[in-house]
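**Student:** I have a structure here, written as structure tokens, and I will follow up with some questions on it.
The values are calculated or read from the model by the stated rules, or taken from the named source; none is laboratory data. Values in this document were obtained by computation on a predicted structure and should not be read as measured data. All Cβ positions, glycine included, derive from the backbone under ideal geometry; neighbour counts span all protein chains shown.
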Amino acid sequence: MDDDPTPALPHEPAGGIAGWAADLVDALGAPGAGLFVALENVFPPLPSEIILPLTGFAAGQGEMSLASALFWTTLGSVVGAVVLYGVGALIGRDRMYALWARLPLVKTSDLRRTEEWFARHGTKTVLLGRMVPIFRSLISVPAGVERMPVPLFVLLTTVGSLGWNSVLVLAGYVLGDQWDRVGAYVGVLSKAVLVLVLVALATYVTVRLRGRGPARHRRV
């Protein structure tokens, strides 16, 4: 009997979250990859940039078909997005306003303008947001809060997710045993997006604090 713990596929990660993802693909095939992607949508820190190229690599090794890899990973994306949509719908507009009113440095008018913006551009935001690291998951919550029609949300999420997943799965399929290079490039992109968000947040807070200064001075 062979007790060698070597992963079923060569060049698979053997430990941590990446190793667990590889074990799911080994044990369940394409549905395992779909399960991991669903979890990654609900918990964004999980690395889709690892599981998707790895799934493509597995397809290239004949462990599953490429069509199956794309189907299950996209299904996982949609399921995870629908869960977050449900969270947004449960929070609801009234509760969101109540929570917003308790936050420092924000105004109700800011949230109202955001709602108006989402009403005008929500379809494009959901579609394109599925292709942007970090926002891929977060965009589902405001869609739920604003009660975007579920069939439209599912359609946009499916199309956007299929685009993102196809790029990463096909990259792993083409790169073969160098599939892990994809994660490095996507990781850089994710960090760039995070930096832009932090800069925008810092700018917003700075503007708010400066705006409060004159008002406080006038009251004194």
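Residues checked against (1) at pLDDT below 75; (2) closer than 19 Å to T158 by Cα:
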| position | (1), (2) |
| --- | --- |
| M1 | yes, no |
| T6 | yes, no |
| H11 | yes, no |
| D23 | no, no |
| D26 | no, no |
| G29 | no, no |
| V37 | no, yes |
| N41 | no, yes |
| L52 | no, yes |
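**Student:** It is to be established whether one or more residues within the stretch 97-115 are more than 16 Å from the chain's Cα centre (by Cα), of a type in the set (K, R) and modelled with pLDDT of 75 or more.
**Tutor:** No: the stretch 97-115 contains no residue that is more than 16 Å from the chain's Cα centre (by Cα), of a type in the set (K, R) and modelled with pLDDT of 75 or more.
**Student:** Here is a check on your reading of the model: is G60 in contact with a helix residue (DSSP H, G or I) (Cβ under 6 Å, 6 or more places away or on another chain) and farther than 16 Å from M131 by Cα?
**Tutor:** yes
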